[in-house]
Amino acid sequence: MNERKYEMEIEIAATPEEVWQALSTAEGFKSWFAPIAEVTPGVGGAICASWEPAMGMGKENIEIWEPGKHLRITHDRSEGAPPSVVDYLLEGRGGSTVLRLVHSGFGAAASFDNELESTRLAWPVFLKMMKHSVERGIAGCRNITVFRMLSESRDACVAKLMGPKGLCAEGTLDGLNAGDTFHLRAADGQELRGVVTHNNPAGYFCFELPQAGDRMLAIFCENCGGAAMLTTMWLLYDVTDDEAEQVRRRWSALVDGLFEQAVAAGKE
């Protein structure tokens, strides 16, 4: 059977051992991928993660476990379909670590197209989040995630979120590339100022906000059967529980006010 795959890499100013901690421990995984995570280490173990308590935990099986060098995780699809396979390959290089990600297991059938597209577009943002948390120290990182299932299409969701009633009441991201500075004022009065690290109008964004406590904001708006899944993720550093909860409440209110039909998994 024909198989499709893709690969990408990122350089992280840290040792392979430090990057390995981000990949192989629950604390590390929470700092860049999902706020809820459990890890059973070693071959035959598993990495389980979720973005909301009521979602249930997705399970990834560990097939290769070579500390500081190579981690392979697989996810079982429906019966008869090949598993999804993600390889993380680490190489120390001049005081930094180059992390190469290879995602394979996509069949040639059209039924794989949406998963192939959404993961290929999302991984660059996740890798930038990993780089950000590892370089600043995963122990001090707090991942504040607001996840919503929306009844609108992905394109409509992105247009609304990035429009004048969302994050761009003042300012715009149009035409900005990685490394460019930006300054937005959201409809709720919140000011966002920093550096663009990823700007894909299809629904994938990532920003560094050095003047706001060296934080990072990532946004994923993914297609889900004609509707959309919206995930906003803040990486906060050395904050109190109250400070983290303030961010969660503010962004929950912003999203829920913008999308009247927003429903959070497990939301009361």
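Annotations
- 3J(HN,Hα) from dihedral phi, the range 71-86, Karplus parametrisation 6.51/-1.76/1.60, rounded to Hz, x for glycine, proline: 10, 10, 10, 10, 10, 6, 8, 5, 4, x, 9, x, x, 6, 10, 10
- Listed residue (T181, Q246, G166) projecting farthest to the positive dipole end of the range 142-258, Cβ model: G166
- Springs join every pair of Cα atoms under 10 Å in this Gaussian network model of the chain, and among A109, A227, A212 the largest mean-square fluctuation is at A109.
- Here the Kirkwood formula, the inverse mean of 1/r across different C-alpha pairs, assigns the chain a hydrodynamic radius of 19.2 Å.
- Relative contact order, percent, the chain [alpha-carbon distance under 8 Å, six or more residues apart]: 18
- Each Cα pair under 8 Å and six or more residues apart adds its separation to the average, and for the range 142-258 the resulting relative contact order is 30 percent.
- Among A110, A186, A228: highest mean-square fluctuation, GNM of the chain, C-alpha pairs under 10 Å: A110
- FRET efficiency for Q211 and E63, using Cβ-Cβ distance with R0 set to 51 Å, rounded to 0.05: 0.75
- Cα centroid separation, the range 15-35 to the range 225-260: 22 Å.
- At R0 = 25 Å, FRET efficiency that the Cβ-Cβ distance of T119 and L176 yields, to 0.05: 0.55
- Lys, Arg +1 and Asp, Glu -1 on Cβ, resulting dipole of the range 3-136 about Cα centre, debye, nearest 20: 200
- Listed peptides 151-164, 23-36 appear in the order 23-36, 151-164 once ranked by packing, highest mean of other Cβ atoms within 10 Å at the front.
- Computed packing ranks the peptides 100-107, 80-87 as 100-107, 80-87, most packed first, by mean other Cβ atoms within 10 Å.
- Length, then width, then depth: along the principal axes, the Cα atoms of the range 142-258 run 39, 31, 21 Å.
- Cβ-placed point charges (K, R +1; D, E -1), dipole of the chain about Cα centre in debye, nearest 20: 200
Here, each number is a calculation from the coordinates, and none is a lab measurement. Note that this is a predicted model, so its numbers are computed, not measured. Note that each Cβ is placed from the backbone with ideal geometry, even for glycine, and that neighbours are counted across all protein chains shown.
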